[in-house]
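> Take a look at this one; I'll ask things after.
The values are calculated or read from the model by the stated rules, or taken from the named source; none is laboratory data. Just so you know, these numbers come straight off a predicted model, no measurement behind them. A quick note on method: Cβ atoms are made from the backbone with ideal geometry, for glycine too, and the neighbour counts reach across all protein chains shown. Only protein heavy atoms, including side chains, enter the accessible area calculation; ligands, DNA and RNA are left aside. Shrake-Rupley method; radii C 1.70, N 1.55, O 1.52, S 1.80 Å.
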Amino acid sequence: MNKDGHVLNAALLAIGLGLILTVDIAISAERLFTAGVTAKPSPSDEIQTSIDFAAQLGRSVLAFSLPIILGALFPDVDTAFGRHRKTLHNLPVLLLFILFPPVFGNLQFVWIGVATHYLLDVVGSKRGIALFYPLSASEYDLPIGVATSSRWTTSVTLIVTAGELAVLFIIHTYIIALDTAPMVVNEAVVSVLMS
């Protein structure tokens, strides 16, 4: 996938994740109040109007945009050193980005950009990436990949992005809330280190 495809993918993911979290906030506050679990939220905490919704959506998109776009562009730094699609395009590097935020407390969404970069390079290119580098230099791809200069590049990017948003929605809704995941992992890491 080319750089434009990675930036388009990251920008659309930031908007999509912002929308998922904003809708979740709006629904959760109302659901908890209706169930009698919480008192009526103060007007400043509640999404009551379309302006409140738009403001919350803007905050959520901004929170995701920079780290996801940075993460989406980071793996291609290996074009300046090392071996492209090997040095920074592998699972050990992704694991470092997943573990970094809980330990150091920032950049909590960069891993999403890095992971989607890998997915686009595996699904949306003919070459693939070396997922297990430096243990193995074998490159993995899918036979449906397109050349980076193909007229289908944007279409493949949009399809992959829609699939990623569906998966991230399922993760956020049914497995672990993405906006609280780093705190949960951080607490788990601290409890393991303390015991």
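> Looking at the stretch 113-159, which of its residues are under 14 Å from L13 (Cα atoms), touching a Gly at 6+ places or on another chain (Cβ under 6 Å) and of a type in the set (V, I, T)?
Of everything in the stretch 113-159, those that are under 14 Å from L13 (Cα atoms), touching a Gly at 6+ places or on another chain (Cβ under 6 Å) and of a type in the set (V, I, T) turn out to be V114, T157.
> Which ones in the stretch 108-128 are open to solvent by 10 Å² or more (accessible area, probe 1.4 Å), of a type outside the set (S, T, N, Q) and not in a helix (DSSP H, G or I)?
F109, K126, R127
> Report the residue count in the stretch 127-163 for those that are more than 21 Å from P92 (Cα to Cα) and touching a residue at least 24 places away in the same chain (Cβ under 8 Å).
9
> Out of all the residues in the stretch 72-91, which are outside any loop (DSSP other than H, G, I, E, B) and either farther than 20 Å from S136 by Cβ or modelled with pLDDT of 90 or more (or both)?
Answer for the stretch 72-91, where residues must be outside any loop (DSSP other than H, G, I, E, B) and either farther than 20 Å from S136 by Cβ or modelled with pLDDT of 90 or more (or both): A72, L73, F74, P75, D76, V77, T79, L91.
> Quick one: how many residues across the stretch 93-123 are over 21 Å from L17 (Cα atoms) and modelled with pLDDT under 80?
Count: 2.
> Being in contact (Cβ under 8 Å) with a residue 24 or more places away in the chain and either open to solvent by 60 Å² or more (accessible area, probe 1.4 Å) or at negative phi (or both) narrows it down to one of L95, L168, so name that one.
Result of the check over L95, L168: L168.
> Out of curiosity, is D121 over 24 Å from P67 (Cβ atoms) and of a type outside the set (G, A, S)?
It is false that D121 is over 24 Å from P67 (Cβ atoms) and of a type outside the set (G, A, S).
> Another question, if that's okay. Given the condition of a type in the set (S, T, N, Q) and open to solvent by 70 Å² or more (accessible area, probe 1.4 Å), answer yes or no: does some residue in the stretch 135-155 qualify?
Looking for residues that are of a type in the set (S, T, N, Q) and open to solvent by 70 Å² or more (accessible area, probe 1.4 Å), one finds at least one in the stretch 135-155, hence yes.
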